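Peer 1: Below: one structure in structure tokens.
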Amino acid sequence: MSEAPLYDDFAEDYDRFVNWPARLAFEMPFFREVLRQNGARTVLDVACGTGQHAIVLAREGFAVTATDLSEPMIERARANAAAAGIDVTFHTLEFGQHAAHLAGPFDAITCLGNSLPHLLTEKELRIALCDFAAILRPGGTLIIQNRNFDRVLAQQQRFMPPETHREGEREWLFVRFYDWQGERLRFNVVRLRREGEGEWSARIGATWLRPWRRDEIEGLLRETGFEIAAAYGSYRQEPFDPIESSDLILSAKRSTI
């Protein structure tokens with residue numbers, strides 16, 4: 001993965017697409033518990049987008065470094081951190097580049113927001129996980145959050161619920177859906193916007209995803225020096241169910257051997 005045109009273009013609207021106060025209020029108890037139980041002080045947030053997780057983790061007292069492939073996303077993240085008065089170090093890096101460009105090791109790595117599926121081959125995913133292992137301290141924690149593609153594939157789920165946002169007279173509507181093409185999915189994002197009661201204007205972007213199943217990711221984690229600690233179906237920490245869970249959240253530790 002070396003280009004991010006969908007996310008370069010999406011950066012201006014991404015914080016409208018996500019209801020961050022509600023999302024972070026729901027997710028942060030999980031991170032507080034898991035990271036502190038594992039003695040984490042330094043955190044690397046990979047594929048950080050507009051930096052919202054990195055900012056709230058830094059506000060919680062963690063020393064946070066965050067990276068993303070998209071320079072516009074990183075610019076937005078830096079602006080968000082400055083507006084919040086929070087110190088986070090941001091870098092524009094893609095998967096596989098962290099050990100070569102950052103001073104580690106880190107106590108924990110987070111890779112959230114269904115980011116790993118942007119790696120389309122087993123080779124690419126293995127390189128990314130080896131890079132995580134190389135910059136994570138022995139015994140350190142890796143947290144991955146993806147969509148539950150076991151369920152998506154079993155049920156051939158194509159559409160995701162639309163999201164809306166309003167600012168005064170301006171309104172946004174975000175529609176996401178997949179096109180099925182062999183082992184890959186084409187992830188389409190339609191952004192609709194209007195002023196008042198005017199006509200809608202549309203912007204459409206797309207990127208490829210690989211719908212990695214739980215057993216595929218866990219197998220490569222073990223091959224690259226990790227031990228699986230837990231698999232959850234959401235941030236509520238209920239056990240992962242391949243048919244019912246909305247998400248796959250994996251907690252893994254870098255082997256100390």
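The values are calculated or read from the model by the stated rules, or taken from the named source; none is laboratory data. This is a predicted model, so every value here is computed, not measured. Note that each Cβ is placed from the backbone with ideal geometry, even for glycine, and that neighbours are counted across all protein chains shown. These accessible areas exclude ligands, DNA and RNA; they are computed on the full protein's heavy atoms, side chains included. Shrake-Rupley method; radii C 1.70, N 1.55, O 1.52, S 1.80 Å.
Peer 1: Pairs please, first residue from segment 219-230 and over 15 Å from PRO138 (Cα atoms) and free of Cβ contacts under 8 Å to residues at least 12 places away in the same chain, second anywhere and of a type in the set (Asp, Glu) and open to solvent by 60 Å² or more (accessible area, probe 1.4 Å), Cβ atoms under 9 Å, 6+ apart in sequence or on different chains.
Peer 2: none
Peer 1: Only residues that are on the phi < 0 side of the Ramachandran plot and outside any strand (DSSP E or B): list them for segment 182-215, please.
Peer 2: Of everything in segment 182-215, those that are on the phi < 0 side of the Ramachandran plot and outside any strand (DSSP E or B) turn out to be GLU183, GLU197, GLY198, GLU199, TRP200, ARG210, PRO211, TRP212, ARG213, ARG214, ASP215.
Peer 1: Which pairs do you get when a residue that is touching a residue at least 60 places away in the same chain (Cβ under 8 Å), found in segment 182-200, comes within reach of a residue that is open to solvent by 80 Å² or more (accessible area, probe 1.4 Å) and assigned to a strand (DSSP E or B), reach meaning Cβ atoms under 6 angstrom, with the pair 6+ apart or on two chains?
Peer 2: Listed pairs, sorted by first residue: ARG191/ARG203.
Peer 1: Considering SER251, SER245, which residue is part of a loop (DSSP other than H, G, I, E, B), surrounded by 14 or more Cβ atoms within 10 Å (Cβ to Cβ) and either in contact (Cβ under 8 Å) with a residue 40 or more places away in the chain or not charged (D, E, K, R) (or both)?
Peer 2: SER245
Peer 1: Inside segment 58-90, can you point out the residues that are of a type outside the set (A, V, I, L, M, F, W, C) and under 18 Å from ARG32 (Cα atoms)?
Peer 2: ARG59, GLU60, GLY61, THR65 - these are the residues of segment 58-90 that are of a type outside the set (A, V, I, L, M, F, W, C) and under 18 Å from ARG32 (Cα atoms).
Peer 1: Still on this structure: THR256 passes all but one of (1) at pLDDT 95 or above; (2) in contact with a strand residue (DSSP E or B) (Cβ under 7 Å, 6 or more places away or on another chain); which number fails?
Peer 2: (1)
Peer 1: Does any residue of segment 20-42 turn out to be of a type in the set (Val, Ile, Thr), more than 23 Å from ARG254 (Cα to Cα) and modelled with pLDDT of 95 or more?
Peer 2: no
Peer 1: Identify, from the list SER234, SER246, SER251, the residue that is within 18 Å of the chain's Cα centre (by Cα) and closer than 23 Å to ASP131 by Cα.
Peer 2: SER251
Peer 1: Also: If a residue has to be in a strand (DSSP E or B) and open to solvent by less than 50 Å² (accessible area, probe 1.4 Å) to count, how many in segment 216-227 make the cut?
Peer 2: 1
Condition check ((1) open to solvent by less than 60 Å² (accessible area, probe 1.4 Å); (2) free of Cβ contacts under 8 Å to residues at least 60 places away in the same chain) across all residues:
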residue	(1), (2)
ILE74	yes, yes
ASN80	yes, no
ALA83	no, yes
THR89	no, yes
HIS101	no, yes
ILE127	no, yes
ARG147	yes, no
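Peer 1: Residues that are within 24 Å of ASP8 (Cα to Cα) and aromatic (Phe, Trp, Tyr): find the strands (runs of 3 or more DSSP E) completely inside segment 39-139 holding 1 or more of those.
Peer 2: In segment 39-139, the matching strands (runs of 3 or more DSSP E) lie at 89-92.
Peer 1: Here's another thing I want to ask about it. Out of GLY51, GLY39, report the one residue that is surrounded by 15 or more Cβ atoms within 10 Å (Cβ to Cβ) and either free of Cβ contacts under 8 Å to residues at least 40 places away in the same chain or farther than 20 Å from LEU116 by Cβ (or both).
Peer 2: Every option except GLY51 fails the conditions.
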